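One structure is given below, encoded as structure tokens.
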Amino acid sequence: MRLALLFLYLLSMHFVTAQNAQGDSSSAISTEKLSFQLYPNPYAGGKLHVVSHPTDIKNIVILNILGEVVFQITTYENYVMPNNLTSGIYIVKIQQGSQQGLSRLVVP
């Protein structure tokens with residue numbers, strides 16, 4: 001039970017990785033933290049708004065709690081329509097240029 005609660009707590013946090021490429025640039029990719037807003041959350045269908053400050057093209061991936069990709073799109077728009085999501089908790093991963101961010105999405 002404690003392990004399940006810890007897992008849910010960790011999913012509720014926003015995870016973002018940041019790396020600095022040092023040395024040979026071909027062996028590592030520099031990734032900076034991407035701040036973005038995701039709403040409505042909880043998501044009940046229709047438009048899922050993804051608002052971020054860079055105007056670069058967005059690569060948006062939605063993963064289920066098993067790490068399986070359930071939705072993926074590359075767009076300039078500030079919203080997506082992932083109509084195939086069933087009830088559960090998902091991780092939304094967004095990459096814009098050299099910036100990357102993760103957020104939790106709840107579907108009731």
Taking a crude spin-label model, label points 7 Å out from Cα along the C-beta direction, the residue 86 to residue 66 distance in nm is 1.0 nm
Over segment 47-108, what lengths in whole Å, largest first, do the semi-axes of the equivalent ellipsoid take, defined as the square roots of 5 times the eigenvalues of the alpha-carbon gyration tensor? 20, 12, 10
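Here, each number is a calculation from the coordinates, and none is a lab measurement. Since the model is a prediction, treat every value here as computed from it, not as a measurement. Methodologically, a virtual Cβ is constructed for each residue, glycine included, from the backbone with ideal geometry; neighbour enumeration extends over all protein chains shown.
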